[in-house]
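Below you'll find the structure, written out as structure tokens, and then a few comments.
The values are calculated or read from the model by the stated rules, or taken from the named source; none is laboratory data. Fair warning: this is a prediction, and the values are worked out from it, not measured in the lab. Cβ atoms come from the backbone with ideal geometry, glycine included; neighbour counts cover every protein chain shown. Accessible surface is based on the protein model in full, side chains and every heavy atom, while ligands, DNA and RNA are left aside. Shrake-Rupley method; radii C 1.70, N 1.55, O 1.52, S 1.80 Å.
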Amino acid sequence: MEIIKAWIVNICTVVLFITAVEMILPDNDLKKYAKFVLGLILMTVIINPIIKVFDKNFDINVMSNNVEKAIEAKESKSNMEEYKKNNLNATLETFNSNLKNLSEEKLKEKFKDMDFEVKVKSDFNKNQVKIISIEIGVKEKGIQKIKKVTVESFKSEKESISKNEKFNEVKQFLSKELNIQEELIKIYEL
């Protein structure tokens, strides 16, 4: 008899609480969500003793704590993955920027008669940053002569060889300075 009395008192208390909350809430979209949640609370209070009849060890508080812990574990795992991904991207971005600045600085010190534009691509693999490529745009400093443009005209072989030698010299220098394989360095004319 005590169990039924406690059950009815709980139902009455929850109904009074729900009525008070509904009176306080303003008439907007939030009210329908609040009514939904309050209805779930009322259903839980009504169903709780019925479930206890079938399962003596059932406790709604323990069950809700377990559900809350499971949800928090999922959220923390997804938050950790998101944080890890953002941290990795920031690390790669910083590495690329630092390598770009270092390369430009070393090249400008050695080749004072040229301007450089460096682009670095890298990836993170097995807890290690791997350089995919370094692209270097090379341009002679100063005012350039305007080259005569003619249709179906080719550069002279001598001019082409001279540029290739300069490009190879730049490539070899940067490879030695940064201890990077020459195959990863690509040079083009700006």
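Can you pull out every residue in region 89-101 that is surrounded by 11 or more Cβ atoms within 10 Å (Cβ to Cβ) and farther than 19 Å from Leu184 by Cα? Residues satisfying the conditions are Asn89, Thr91. Counting the residues of region 60-72 that are of a type outside the set (Val, Ile, Thr), open to solvent by less than 60 Å² (accessible area, probe 1.4 Å) and modelled with pLDDT under 80 gives 1. Within region 27-41, residues that are more than 13 Å from Phe17 (Cβ to Cβ) reach partners that are of a type in the set (A, V, I, L, M) and in a loop (DSSP other than H, G, I, E, B) with beta carbons closer than 7 Å, at six or more positions or on different chains, in the pairs Lys31/Leu25. I want to confirm something. Restricting to region 81-138 and keeping residues that are of a type in the set (Lys, Arg) and touching a helix residue (DSSP H, G or I) at 6+ places or on another chain (Cβ under 9 Å), which single residue is farthest from Lys166 (Cα to Cα)? Applying the filter and picking the extreme gives Lys121. Here the condition is being surrounded by 13 or more Cβ atoms within 10 Å (Cβ to Cβ), touching a Gly at 6+ places or on another chain (Cβ under 7 Å) and among the acidic types (Asp, Glu); of Glu117, Glu104, it holds for Glu117 alone.
Restricted to region 92-149, and to residues there that are under 30 Å from the mean Cα position of the chain (by Cα) and basic (Lys, Arg), the residue that is modelled with the lowest pLDDT is Lys126. Contact annotation: residue pairs with Cβ atoms under 8 Å, 6 or more positions apart or on different chains, pairing a residue in region 104-131 that is of a type in the set (S, T, N, Q) with a partner that is open to solvent by less than 80 Å² (accessible area, probe 1.4 Å), are Ser122/Leu92; Ser122/Phe95; Ser122/Asn96; Ser122/Leu99; Ser122/Val129; Ser122/Ile131.
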